[in-house]
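Here's the structure we're looking at; comments come further down.
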Amino acid sequence: MTTRNAPERLLALARVLALADERRSIAVVDAAAEVGFDPDELRELLAPVLFLEWRDGDGELRGESRAFLLTEDGHLVVTQEHWLRGLAARPPDPPTALRLFVAGVVLQAATSQHPLPALDRALDKLADVLDAEVVVHVDRPPFTDVCEQATNDARTLHVRYLSAVHGEPREYEIEPHLVASRWGHWYVLARVRGQRDVVPFRIDRLLHVEPGDGMFAPEPVAMPEWWDLAAHEQTILAQLPVADLDRVPQPNRSVVCRDLGAGRVEAEITVIGPRRMDHLLLALGPHAEVVWPEECTQRRRDLATELLARYA
Amino acid sequence: MTANSGTEVIGRVLRLAAYLKSRRAARVALDDICRDVPGYDSGGELVRDAQWEAVRKKVRRDVALLGDSFGIEVDYDASADSYALKPSFLTADERDVLLAASALVRVDGIDDTQLAALGSAVDEEGRRVVMRVHRHVLVLRDALAARRPVTFRYHGQERVFDPWAVGLWRDRWYAVGYAHGPAERRVYRLDRIEERDDGSAIAGAGADASYDLPAEFDPESALLLDPNAWGHDPPVVARVRVDTDWVQPFVTEFGGTVDDQNDDGGVVVLTVRHYESFRDRLLSFGVHARLLEPDALVDGLRDWLAGMAR
């Protein structure tokens with residue numbers, strides 16, 4: 001058994017009780033591993049939390065034994081409120097306050113139809129801790145609620161979807177299994193009826209959504225950490241004014257290859273899919289020259305000619 | 001210290017917290033604590049002697065432990081020689097709703113420094129939303145809270161800047177404030193702040209309390225960074241014919257109102273304050289959006305396309 005001082009043991013205890021509080025239950029062996037304690041050492045540490053006794057002002061014996069429970073199979077369970085957390089008067093430090101603030105603003109956007117006064121109050125308090133003007137704009141596309149409802153009801157959706165890769169709208173009937181957001185974009189992870197794989201649809205690219213009549217069995221699907229879109233990357237080499245690099249439509253990956261002098265550079269610019277490539281070619285403008293590949297040079301001429309004809 | 005004595009300390013500290021909670025409405029004296037809370041027994045009536053002082057120090061140490069581990073703070077009134085719990089920072093329902101937010105949202109880019117911080121222990125698997133906080137946000141927040149100018153490299157130039165607000169817009173973090181060189185309000189995108197050779201990026205450039213925020217400054221609108229909101233070109237009303245499928249994405253991109261909608265599409269009417277950005281974004285809709293008015297913008301677009309068509 002290791003020897004740790006009281007502050008270290010109390011900090012570990014606070015962490016273990018937080019784990020139990022936020023997960024409702026945790027195995028003692030897992031909690032011990034989390035704080036680097038031996039499980040027996042942790043059980044000993046937990047003993048005072050499980051049962052406390054003191055006297056009230058009248059000398060009557062009182063106890064606190066209902067908040068936490070150690071089950072026979074070795075799980076720490078929060079059976080009532082984590083009363084120690086409930087007494088916390090010290091505000092969170094700025095990093096924690098910022099994390100809670102960002103998470104809270106997202107929840108606030110998700111519940112804007114039914115505002116939560118407690119959340120508004122909590123965000124005001126966190127803003128006071130941050131003591132600085134921090135503004136988090138959260139976009140939630142219009143069809144997000146419809147997708148969430150269909151996911152909860154396990155009901156299909158008829159969608160018209162504009163894929164960034166294909167570039168033109170297509171219609172599908174999908175089984176939505178999960179609505180999730182990654183770095184500012186909302187997705188519905190769904191299986192196209194009759195297909196095998198669950199694939200992501202970006203909700204802001206859903207052009208039209210209607211509830212379907214089909215039902216399906218919900219499956220536990222997880223949001224991937226990232227998608228490998230390398231197969232859809234398209235790259236050009238362009239010569240352009242260096243200041244114009246800031247104007248190149250996002251998202252893109254650009255690398256300056258050489259300085260051409262007189263404020264011009266040659267840059268390699270990569271985007272995903274033909275639709276973004278078409279936009280890039282047109283947005284570069286007449287001051288830029290696409291030097292490679294030749295088919296993109298020609299494609300730019302054709303696109304500009306086609307669009308120009310509409311303004312004749 | 002042995003493990004057992006450490007456990008005794010923990011038991012005593014937790015009993016003190018529970019006792020103060022149960023006596024929340026009243027202040028308690030050192031005598032009360034000694035009489036009612038096992039672990040502080042003095043063996044009889046306390047008199048103000050060395051033993052009294054030892055117990056008082058013990059309570060003071062335990063109160064500090066409660067603060068450092070659980071954030072529990074106890075107010076000591078020296079004149080009345082009494083103790084009372086300070087009010088909680090969050091109410092139970094505020095804490096619950098922030099826990100719900102933490103269970104829904106993973107915030108990347110921030111390392112919790114508080115081991116048992118609220119929301120730091122929720123199960124990762126249930127988090128359906130991932131947000132990203134740029135690593136410069138906390139540095140700029142510190143500077144902003146202290147009203148301390150900062151310096152950094154941006155587009156190859158050293159800048160000196162008074163941050164007025166930091167914020168997230170369309171998944172990118174920005175700082176808005178006063179740029180000393182050009183002596184005007186500027187917006188900087190944080191992922192474009194350049195690292196120096198030593199790995200540093202943002203440094204202090206003056207004393208705390210060096211500036212005030214302008215009275216008319218509104219951070220919410222300052223961080224609505226759509227060029228059509230902040231552009232400085234003379235505002236003009238544009239009318240754009242948009243194919244049916246593309247009306248919603250167009251309005252999401254630009255705002256505006258839809259006029260004359262039929263099966264083929266609609267005409268979106270919007271005010272344009274940044275001609276260049278409007279043209280570039282309009283081009284992302286290709287043949288599905290056609291600018292009808294005003295003539296000046298139509299002419300500009302025609303010239304732009306003609307320059308590439310030849």
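Structure data summary
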item	result
Karplus 3J(HN,Hα) series, Hz, for the stretch B:246-257 with 6.51 cos²θ - 1.76 cosθ + 1.60 (x for Gly, Pro)	9, 4, 4, x, 5, 5, 4, 6, 10, x, x, 10
Distance from the stretch A:63-107 to the stretch A:132-196 (C-alpha centre basis), Å	33
Inverse mean reciprocal Cα-Cα distance (Kirkwood Rh) of the stretch B:71-125, Å	13.8
10 Å Cβ neighbours from other chains, averaged over peptide A:74-84	2
Size of charge dipole - the stretch B:83-142 - debye, nearest 20, with Cβ of Lys, Arg +1 and Asp, Glu -1, no other charges	200
FRET E, pair B:Arg189, A:Leu61, Förster distance 41 Å, beta-carbon r, rounded to 0.05	0.05
Kirkwood Rh in Å, taken over the protein assembly as shown so that all alpha-carbon pairs contribute	28.6
Cα→Cβ-extended label distance, 7 Å offset, between A:Asp145 and B:Ala296, nm	4.0
Test item: A:113-119 mean partner chain Cβ contacts at 10 Å	4
Inter-part distance where the stretch B:125-155 and the stretch B:238-301 are each reduced to a Cα centre, Å	35
Relative contact order of chain B, pairs being alpha-carbon contacts under 8 Å that are 6 or more residues apart, as %	9
Orientation-averaged projected area, Cα convex hull of the stretch B:244-310 (nm²)	4.6
Total charge dipole magnitude, the protein assembly as shown, about the Cα centre, Cβ charges on Lys, Arg, Asp, Glu only, Debye to nearest 20	560
Space enclosed by the convex hull of the alpha-carbon atoms of the stretch B:104-236, per residue, Å³	160
Listed residues A:Leu50, A:Ala6, A:Val105: farthest to the positive end of the dipole of the stretch A:1-120 (Cβ charges)	A:Val105
All-pairs Cα distance distribution in the stretch B:165-296, expressed in whole percent, bin size 10 Å	10, 32, 27, 18, 10, 3, 0
Listed residue (B:Ala215, B:Gln248, B:Leu90) projecting farthest to the positive dipole end of chain B, Cβ model	B:Leu90
Positive dipole terminus of chain A, leading residue within A:Pro39, A:Leu130, A:Ala288 (C-beta point charges)	A:Ala288
Net charge contributed by nearby residues that have their C-beta within less than 12 Å of A:Ile236 (K/R +1, D/E -1)	-3
Radius of gyration and maximum dimension Dmax of the stretch A:103-212, Cα, Å	16.7, 53
Nearest-ten-degree value, helix B:295-309 long axis tilted from longest Cα axis of chain B	80
Average other protein chain Cβ within 10 Å of Cβ, residues B:11-17	5
Exposed GluC sites (Glu not before Pro) absent - longest run of chain A, DSSP non-H/G/I/E/B, at most 10 other C-beta within 10 Å	A:73-224
Dipole magnitude of the stretch B:264-310, debye to nearest 20 (Cβ charges: Lys/Arg +1, Asp/Glu -1, about Cα centre)	140
Rounded Å value of the spacing that divides the Cα centres of the stretch A:282-310 and the stretch B:60-116	60
Relative contact order computed over the stretch B:11-110 (Cα-Cα under 8 Å; 6+ residues apart), in percent	27
For the stretch B:271-310: Kirkwood Rh in Å [reciprocal of mean 1/r, alpha carbons]	10.6
Shape of the stretch B:55-159, Cα gyration tensor, a/c cut at 1.5	oblate
Whole-Hz ³J(HN,Hα) from phi, Karplus 6.51 cos²θ - 1.76 cosθ + 1.60, for the stretch B:86-99, glycine and proline x	7, x, 5, 5, 10, 6, 4, 6, 5, 5, 4, 6, 6, 5
Ellipsoid equivalent to chain B - semi-axes via the Cα gyration tensor, in Å	61, 24, 18
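Each value in this text was obtained by applying a stated rule to the coordinates, not by laboratory testing. No experiment lies behind these values; they were computed from the predicted model shown. In this analysis, Cβ positions are derived from the backbone assuming ideal geometry, glycine residues included, and neighbour counts consider all displayed protein chains.
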